[in-house]
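Asker: Sharing a structure, written as structure tokens. Questions coming.
The values are calculated or read from the model by the stated rules, or taken from the named source; none is laboratory data. These numbers come from a predicted model, not from an experiment. All Cβ positions, even for glycine, are placed from backbone atoms using ideal geometry, and neighbour counts span all protein chains on display.
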Amino acid sequence: MISIKCGKFYFPDIIQYPDGTFKIDIPEIPTADGEPIEIVWTYRNENELSILIYTAENLRENYSNPINLYMPYVPNARMDRVHNKSEVFTLKYFCKVINFLNFNKVKILDVHSSVTSALLDRCENISPEKYINSAVELSGIDREQDYIFFPDEGSCKRYSGMFREFKNIGFGIKKRNWSDGKITGLDVFGESPENKNVLIIDDICSYGGTVYHSALKLKELNCNKIYAYFTHCENSIAKGELLKGDLLEHIYTTNSLLSIVPDSKMTVFECI
């Protein structure tokens, strides 16, 4: 969804013609001299990139104010490298389009890898620390007694610096069936989770397979209650295993990506 923030939110009126193209009307935006106009893109589908382009160019033609983009979830963020010529480096080309729009600033939230920050001009990668701290507080995780778990080495590197006050930290290394790429299990390294409540932390959740296997292993190691935090949660979480049964007590995320009505086991923090 595309909106425009300048003091308050303004929403373009968008009609899609039968051929798939758009008629877009942008309301008049009262601005102070030099006050930034911010386009907010809460990603839902690829069609919105076209709307973003048209909206940004129209605002630039009609206003002299600096134009920023706030895009908490970066589309194509997972495609941050390619291994052969047949793979299309979608993130690289997506960032080229965003750079072409020449925003004064591009703000993103807890991006999947530093490759994205490097590819985007005038980029500010916002830390998710305040949302994670809210998850810690709401779940009742004790910094002295309980356990922070990162489901892979990537999340461990990304977040571990935020949790130096925690005494008990662990991370996982996934086991895969390389014939189909499916996760078959997980090994846990670090402190023991035995008799501790656990908060699992990761940046993106789709179906939740990695966290599901993490939780199974942590239960096998005799942990107590398990909670999870994701900065970006796809609607597909509803089709996975995380919301079924009582393996996880609760899931915390932001509204950067999730657009379905959240399950009763979920708390969604406002990041827009």
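Rundown of residues vs (1) exposed (fewer than 15 other Cβ atoms within 10 Å of the Cβ); (2) modelled with pLDDT of 95 or more; (3) not β-branched (Val, Ile, Thr), yes/no style:
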site: 197; (1), (2), (3): no, yes, yes
site: 200; (1), (2), (3): no, yes, no
site: 217; (1), (2), (3): no, no, yes
site: 230; (1), (2), (3): no, yes, yes
site: 243; (1), (2), (3): no, no, yes
site: 252; (1), (2), (3): no, yes, yes
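Asker: If you don't mind, another one. Go through segment 1-68 and tell me which strands (runs of 3 or more DSSP E), entirely inside it, have 3 or more residues that are of a type outside the set (Lys, Arg).
Answerer: Here the list reads 2-6, 13-16, 22-25, 37-41.
Asker: Among (1) in contact with a strand residue (DSSP E or B) (Cβ under 7 Å, 6 or more places away or on another chain); (2) without any contact (Cβ under 8 Å) to a residue 12 or more places away in the chain, which single condition is residue 199 missing?
Answerer: (2)
Asker: Find all pairs meeting these conditions: Cβ atoms under 9 angstrom apart; at least six residues apart or on different chains; first residue within segment 72-101 and under 19 Å from residue 47 (Cα atoms); second residue basic (Lys, Arg) and surrounded by 12 or more Cβ atoms within 10 Å (Cβ to Cβ).
Answerer: If the second residue must be basic (Lys, Arg) and surrounded by 12 or more Cβ atoms within 10 Å (Cβ to Cβ), the pairs left are 72/107; 76/92; 79/92; 91/78; 99/122; 101/60.
Asker: Please determine whether any residue of segment 223-231 is of a type in the set (Lys, Arg), touching a strand residue (DSSP E or B) at 6+ places or on another chain (Cβ under 9 Å) and touching a residue at least 12 places away in the same chain (Cβ under 8 Å). It would help to see each step written out before you state the result.
Answerer: Here is the first cut: in segment 223-231, the ones of a type in the set (Lys, Arg) are 225.
Retained after the next criterion (residues that are touching a strand residue (DSSP E or B) at 6+ places or on another chain (Cβ under 9 Å)): 225.
Now drop any that are not touching a residue at least 12 places away in the same chain (Cβ under 8 Å), which leaves 225.
Yes, there is a match, as at least one residue in segment 223-231 is of a type in the set (Lys, Arg), touching a strand residue (DSSP E or B) at 6+ places or on another chain (Cβ under 9 Å) and touching a residue at least 12 places away in the same chain (Cβ under 8 Å).
Asker: Just to be sure I understand the filter: pairs with C-beta atoms under 7 Å, separated by 6 or more residues or on different chains, first member in segment 105-120 and without any contact (Cβ under 8 Å) to a residue 24 or more places away in the chain, second member of a type in the set (A, V, I, L, M, F, W, C). Which pairs pass?
Answerer: Every condition considered, the pairs that remain are 117/111; 117/123.
Asker: Consider segment 254-266. How many of its residues are crowded, with 18+ Cβ neighbours inside 10 Å and either closer than 14 Å to residue 207 by Cβ or in contact (Cβ under 8 Å) with a residue 40 or more places away in the chain (or both)?
Answerer: Quick first cut of segment 254-266, residues crowded, with 18+ Cβ neighbours inside 10 Å only: 254, 256-258, 266.
With the extra rule that they be either closer than 14 Å to residue 207 by Cβ or in contact (Cβ under 8 Å) with a residue 40 or more places away in the chain (or both), the set shrinks to 254, 256-258.
Total satisfying the criteria: 4.
Asker: Which of the residues belonging to segment 66-99 are surrounded by 12 or more Cβ atoms within 10 Å (Cβ to Cβ), closer than 27 Å to residue 36 by Cα and hydrophobic (A, V, I, L, M, F, W, C)?
Answerer: 67, 69, 71, 74, 77, 91, 94, 95, 98
Asker: Does at least one position in segment 81-89 carry a residue that is outside any loop (DSSP other than H, G, I, E, B) and either acidic (Asp, Glu) or farther than 17 Å from residue 257 by Cβ (or both)?
Answerer: Step one: filter segment 81-89 for residues outside any loop (DSSP other than H, G, I, E, B), giving none.
There is no residue in segment 81-89 that is outside any loop (DSSP other than H, G, I, E, B) and either acidic (Asp, Glu) or farther than 17 Å from residue 257 by Cβ (or both).
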